[in-house]
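Participant: Below you will find the structure I want to go over with you.
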Amino acid sequence: MSNQISQRQAVVNAVNTVLAEANISTEGKVIKDLMTKELRAQVNSILFAGFRANEITADFEKNDTELKAYVSGLQSNWLNKAKELNGGVAYVAKNPGSRTGTTDPQVKALRALLATKTDSDECDEIEGYIESRLSEIGQSKKTKTVQVNYDDLPAELKAKYGQA
């Protein structure tokens with residue numbers, strides 16, 4: 001159906017509608033900070049009804065319980081990612097690569113084993129197996145991209161590590 005709207009647009013529309021009805025100004029604000037439990041529930045209700053009325057694109061079949069959980073996550077996702085809702089900021093994942101290898105049973109088992117260990121030698125050994133397995137299946141543990149504001153460092157560290 002060509003009259004369906006995207007899930008992203010549905011979230012943006014629902015959030016804007018709910019905030020307008022509540023007379024909440026959104027001018028230049030991060031919408032996520034404005035959302036109360038009640039407002040989020042109203043948005044979820046609109047999204048739920050939109051999916052059930054086949055007004056929002058979906059390539060899945062979910063029962064009511066699954067759909068309620070899905071629309072809650074969908075709202076959170078687009079509150080973070082949609083520039084109309086997040087103050088125009090490009091989204092950056094908090095833990096990039098954190099899901100690497102999650103579909104591999106061996107990696108899952110190794111990570112579960114790692115979580116039970118406290119001895120650093122045992123942890124290092126298990127992490128070695130995890131790294132080996134990830135490279136074997138064609139994935140590698142991604143290093144986090146961290147941006148350091150060198151201007152905020154103490155003078156000694158700024159001189160030592162900063163961009164002179």
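The values are calculated or read from the model by the stated rules, or taken from the named source; none is laboratory data. The model shown is predicted, which means the values in this text are computed figures rather than measured ones. For neighbour counting, all protein chains shown are included, and Cβ atoms are generated from backbone atoms with ideal geometry for every residue, glycine included.
Participant: I need the full set of residues from segment 33-59 which are in a loop (DSSP other than H, G, I, E, B) and either closer than 21 Å to Asn23 by Cβ or not aliphatic (A, V, I, L, M) (or both), in order please. Show your work before the answer.
Facilitator: From segment 33-59, those in a loop (DSSP other than H, G, I, E, B) are 35-36, 53-55, 57-59; that's our starting set.
Within segment 33-59, Met35, Thr36, Asn54, Glu55, Thr57, Asp59 qualify.
Participant: Condition first: closer than 30 Å to Gln147 by Cα, modelled with pLDDT of 90 or more, assigned to a helix (DSSP H, G or I) and not assigned by TED's automatic domain parsing to the domain that holds Ile126. Can you find one or more residues in segment 60-68 that meet it?
Facilitator: Looking through segment 60-68, none of the residues is closer than 30 Å to Gln147 by Cα, modelled with pLDDT of 90 or more, assigned to a helix (DSSP H, G or I) and not assigned by TED's automatic domain parsing to the domain that holds Ile126.
Participant: Taking segment 1-32 on its own, how many of its residues are of a type outside the set (Ser, Thr, Tyr), within 11 Å of Leu85 (Cβ to Cβ) and part of a loop (DSSP other than H, G, I, E, B)?
Facilitator: Going through segment 1-32 one residue at a time, the tally reaches 2.
Participant: Let me ask something additional. Under the condition of being modelled with pLDDT of 80 or more and over 26 Å from Ser45 (Cα atoms), which residue from segment 69-101 is surrounded by the most Cβ atoms within 10 Å (Cβ to Cβ)?
Facilitator: Val89
Participant: I've got another one for you. Is at least one residue of segment 77-88 without any contact (Cβ under 8 Å) to a residue 60 or more places away in the chain, at negative phi and among the small types (Gly, Ala, Ser)?
Facilitator: There is no residue in segment 77-88 that is without any contact (Cβ under 8 Å) to a residue 60 or more places away in the chain, at negative phi and among the small types (Gly, Ala, Ser).
Participant: Could I ask something else about it? Quick one: would you say Tyr91 is without any contact (Cβ under 8 Å) to a residue 24 or more places away in the chain, farther than 25 Å from Glu27 by Cα and of a type in the set (Ser, Thr, Tyr)?
Facilitator: no
Participant: Filter segment 136-161 for residues that are surrounded by 14 or more Cβ atoms within 10 Å (Cβ to Cβ) and either farther than 18 Å from Thr103 by Cβ or at pLDDT 85 or above (or both); which is farthest from the chain's Cα centre (by Cα)?
Facilitator: Lys158
Participant: On to the next question. Do you know which of the residues in segment 112-135 that are of a type in the set (Asp, Glu) and assigned to a helix (DSSP H, G or I) is farthest from Gly101 (Cα to Cα)?
Facilitator: Checking each candidate, the answer is Asp121.
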